[in-house]
Amino acid sequence: MKSKSVSLLPLMVAMVTCISCGRGRTLSDLGSSDSVAVEDSVEEDSVLFFEEEDEGLSLERQKTEAFADFIFAFTHSGRFQAERIRFPLPVTDAEGQESTIRSGRQFREEFNLPGNDYYTLILGDKSQMDVLQDDSALHAVTLQHIRLGHHKAVNYHFTRTDGRWYLASRRCEALQPYVSDFLTFYSHFSTDSLFQQESLARELFFSMDDPDMGGIEGIIEPDQWPSFRPVMPTEEFVNIDFGQTFPHPHRIYFLQCGLSNGMLDIFTFRHEDGRWKLTAYEN
């Protein structure tokens, strides 16, 4: 990001209105979506659960589908979704009980993700962002429905065959211990303003790519943070796990990425003096 260093205090009022994040309709607003193998009309599967038309969602021209393009189509078109689930779909619940989902309609009834048009990434290194930008080497990705306060996630496992992504299973599984410990902190951080204020670095790096003002970056003090603070995910969200690792045990990057609107918030957390602290925010 090209930017210039400026004094942030005069810009506080102007910048407050620039920070926002998108929200979509609930993904449980699916239309009927049975698999092609059942007798129910596949026309019912074309009902979308967002208000957009089913234009531009075809991936037929892509020899190797990018996961970001695939998941956008998968969550916007019931017909496309029905074609990309491997039935019978293996399912494992929180108690470890195994079962199967045999039709799109049954999947629709149990497909219960938060109604947001963004996803999160929890990374151990910024360079891992490049993996999703060019994911041609990936053959498996997990979409995690995470509820803060829980140490498990509902994981939707996708695999790529001949360049095409398919939903292969849904399992309730434990989070990685390192991620689980961080999310215990994050749950408190995102919902308690006093705790959040106490968990800021003394000098917090701030960077924003503003269309009117250009690149802006600088250092703000903790008491300035409320004027710049964006809306952060709370309670539950969807996270993408593509096998990323955490080579630096005292640092985590928490990203909030727009599903279709180009939004990107990057929060950098460091473990200092026995506790996590937010050290940088980039938009």
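The values are calculated or read from the model by the stated rules, or taken from the named source; none is laboratory data. All of these numbers come straight from a predicted model, not from anything done at the bench. When we count neighbours, we look across all protein chains shown, and the Cβ atoms used for this are built from the backbone with ideal geometry, even at glycine.
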Before we move on, is D181 free of Cβ contacts under 8 Å to residues at least 24 places away in the same chain and more than 30 Å from I85 (Cβ to Cβ)?
yes
Here is a list: L167, L204. Which entry is in contact (Cβ under 8 Å) with a residue 12 or more places away in the chain, aliphatic (A, V, I, L, M) and within 30 Å of L89 (Cβ to Cβ)?
L167
Within the range 144-156, is even one residue of a type in the set (D, E, K, R) and either part of a strand (DSSP E or B) or out of contact with any strand residue (DSSP E or B) (no Cβ under 9 Å at 6 or more places or on another chain) (or both)?
yes
Index of the failed condition, I146 passing every other in (1) over 26 Å from H250 (Cα atoms); (2) crowded, with 17+ Cβ neighbours inside 10 Å; (3) in contact with a helix residue (DSSP H, G or I) (Cβ under 9 Å, 6 or more places away or on another chain)
(1)
Every residue from the range 255-283 that is in a loop (DSSP other than H, G, I, E, B) and acidic (D, E)
D273
Hits in the range 185-201 (condition: surrounded by fewer than 16 Cβ atoms within 10 Å (Cβ to Cβ) and either touching a residue at least 12 places away in the same chain (Cβ under 8 Å) or outside any helix (DSSP H, G or I) (or both)):
T191, D192, S193, Q197
Test of understanding: among H157, H188, H151, which residue is under 22 Å from the mean Cα position of the chain (by Cα), modelled with pLDDT of 95 or more and closer than 29 Å to T92 by Cβ?
H157
Out of all the residues in the range 236-252, which are modelled with pLDDT under 90 and either over 24 Å from L138 (Cα atoms) or charged (D, E, K, R) (or both)?
P249
So I216 fits all but one of (1) of a type in the set (V, I, T); (2) out of contact with any Lys or Arg (no Cβ under 8 Å at 6 or more places or on another chain); (3) surrounded by 15 or more Cβ atoms within 10 Å (Cβ to Cβ); what number is the exception?
(2)
Just the residues that are surrounded by 14 or more Cβ atoms within 10 Å (Cβ to Cβ) and assigned to a strand (DSSP E or B), please, taken from the range 62-114.
I85, L89, P90, V91, T92, I101
Residues to consider are G243, G262; find the one that is without any contact (Cβ under 8 Å) to a residue 40 or more places away in the chain and exposed (fewer than 13 other Cβ atoms within 10 Å of the Cβ).
G262
